[in-house]
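What follows is a set of notes on a single structure, which appears directly below.
Values in this text are rule-based calculations from the coordinates and carry no lab data. Keep in mind that this is a model prediction, so the values were computed, not measured. Here the Cβ positions follow ideal geometry from the backbone for every residue, glycine too, while neighbour counts run over all protein chains shown.
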Amino acid sequence: MSTVLITGGHSGIGLECVKRLALDSIEHIVLAGRSPDRMKEVANQLRQDHGTKVSILQLDTSSLVSVREAAAQFRSLLKSGDVEPLQAILCNAGGRAFGAVQYSLEGYEETFASNYLGHFLLVHLLIDTLADNGRIVFTASGTHDPDTRDGKAVGPAVEPDAGMLAATGKDGGKPLSAGVRYATAKLCIILFAYELHRRLRKAGSGISSIAFDPGSISETGFLRGLPAPLRMIARSAFAKWMMKRAGITVGSLDLSGASLAKLAIDPAYTHGSGKYFQVNDGSFNEMRSATMSYDEERAARLWRDSKQLVDLKTEDECPLLR
Ligand SMILES: NC(=O)c1ccc[n+]([C@@H]2O[C@H](COP(=O)([O-])OP(=O)(O)OC[C@H]3O[C@@H](n4cnc5c(N)ncnc54)[C@H](OP(=O)(O)O)[C@@H]3O)[C@@H](O)[C@H]2O)c1
């Protein structure tokens, strides 16, 4: 039975993606997230509309304890035969380019923890549950690139130094701004995607690791940190027209959700590993990501420091990735 696990699959781009997967060949979807009622609602809808088997995992990607519990729960489902090896893991949960700094259960800056660090740990704990030709897709964002309009609009990403990003503002100093925290967390996820690709290839694995920018979409929950009148303005046709004119990457719920689903299962993307795909203005293409995202030394440093932050034990580490 073909199975896909997705974080943040009950809303926005993730929800659009799971509907596509259910329409395509995917028979079992594992929704992993922190809003059980919304996940149950979506599960019922998928079962009713498409006859899809749906499992639910309680997961807060900002909490390492929660990531470990979700991974353990998934393994017990696997052991009992309730799920089969995964065709894809979609690391899609995240967001929050607005609002005051917050810290996770473990004391790490929340945007960094929920967009990047939790997924770093989740992938380590679950990669051996993927099929040999399975795929891991990371929902990133065009904001990661400081040389683009997207990057400039939220505030340019800074050095992807895991220790500094996890602790920003904790020493009583001024924390990085919300936009910079978000853009840099997304830069980290792309550096991770590429480093994962290199390590998998070196180990002779057929698993793919792919980075994805859905483009800016105002209809999802992404803008929930903004006051309602601002959200309304952002959703207007005029605001979208302005964004395009300003050179912002613009996605749409339909195309961006469908594109994420394609990256997960479409044979056309069999050779997508180590690459970055973007939705912009009605089209979906492979693109170059930020210059910094290809820096192998930075990626190796980020990997090493992230392992320390999540306290990855040798027994947690898949032999493929050592
Ligand atoms: N919309 C855009 O303009 C845009 C552009 C580029 C990239 N993205 C990225 O696209 C992805 C999907 O966002 P969206 O636009 O579809 O917004 P969305 O509707 O708010 O979806 C975000 C999903 O992530 C989940 N999530 C957030 N923090 C989480 C946590 N700590 N633990 C578990 N789940 C968590 C949310 O769950 P809850 O419902 O429980 O909060 C929600 O299901 C995000 O990674 C976002 O950064 C969005």
Under 5 Å between amide hydrogens, which residues at least 5 positions from SER55 or on another chain qualify, with H placed 1.01 Å from N in the peptide plane? ILE29, VAL30, LEU31
Here, LEU320 and HIS271, labelled 7 Å along Cα→Cβ, have an inter-label distance in nm of 2.1
Could you line up CYS188, CYS318 from fewest to most neighbouring Cβ atoms inside 10 Å? CYS318, CYS188
Neighbourhood net charge (13 Å Cβ-Cβ; Lys/Arg +1, Asp/Glu -1) for ARG288: -3
Going highest first, how would you order 279-290, 211-222 by mean Cβ packing within 10 Å? 211-222, 279-290
In whole Hz and in residue order, list the ³J(HN,Hα) couplings for the range 51-68 that follow from phi through the Karplus curve 6.51 cos²θ - 1.76 cosθ + 1.60, θ = phi - 60°; x for Gly and Pro. x, 6, 7, 10, 10, 10, 10, 6, 8, 10, 5, 7, 10, 5, 4, 5, 4, 5
Students often forget the sequence filter, so: which lysines lie under 24 Å Cα-Cα from LYS240 once same-chain residues fewer than 8 apart are removed? LYS152, LYS186
Highest first, please rank the peptides 233-241, 120-128, 51-59, 31-39 by the mean number of other Cβ atoms sitting within 10 Å of their residues. 120-128, 31-39, 51-59, 233-241
Between GLN48 and ILE233, Cβ-based FRET efficiency (R0 30 Å, step 0.05) works out to 0.25
Pairs of alpha-carbon atoms within less than 8 angstrom and 6+ residues apart define the contacts here; what relative contact order does the chain have, in percent? 19
Subtract the Cα-Cα distance of ASP295 and GLU159 from 0.36 nm times their separation in residues, and report this length gain in nm to one decimal. 47.8 nm
Tell me the net charge near PHE98. Cut-off is 11 Å between Cβ atoms, PHE98 excluded, with +1 for each Lys or Arg and -1 for each Asp or Glu. +4
Sequence order, the range 184-192: Karplus ³J(HN,Hα) from phi using 6.51 cos²θ - 1.76 cosθ + 1.60, θ = phi - 60°, Hz rounded, Gly and Pro as x, gives 6, 4, 6, 4, 4, 5, 6, 4, 5
Work through the residues other than ASP145 whose Cβ is under 12 Å from its Cβ and net out their charges, Lys, Arg +1 and Asp, Glu -1. +1
Candidate aspartates and glutamates for bridging to LYS202, where Cα separation is under 20 Å - those fewer than 8 sequence places away on the same chain excluded: ASP128, ASP132, ASP295, GLU296, GLU297, ASP316, GLU317
Using only the alpha carbons of the range 3-321, what is the convex hull's orientation-averaged projected area in square nanometres? 15.4
In the range 3-321, taking the dipole from +1 charges on Lys and Arg beta carbons and -1 charges on Asp and Glu beta carbons about the Cα centre, the listed residue (LEU21, PRO267, SER236) farthest towards the positive end is SER236
Residues whose placed amide H lies under 5 Å from that of ALA140, excluding near-sequence neighbours: PHE212, ASP213
Under the Karplus curve 6.51 cos²θ - 1.76 cosθ + 1.60, θ = phi - 60°, whole-Hz ³J(HN,Hα) for the range 270-278, x wherever Gly or Pro sits: 4, 9, x, 5, x, 10, 10, 10, 9
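Rounded to the nearest 0.05, what FRET efficiency is calculated for ALA246 and SER25 with R0 set to 45 Å and r the Cβ-Cβ distance?
Plugging the Cβ-Cβ distance into 1/(1 + (r/R0)^6) gives 0.70.
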If I model a spin label as a point 7 Å beyond the Cα along the Cα-Cβ vector, how far apart are those points for GLN308 and GLN58 in nm? 3.3
For LYS53, counting only lysines whose alpha-carbon sits under 25 Å away and dropping same-chain residues fewer than eight positions off, the answer is LYS19, LYS40, LYS79, LYS262
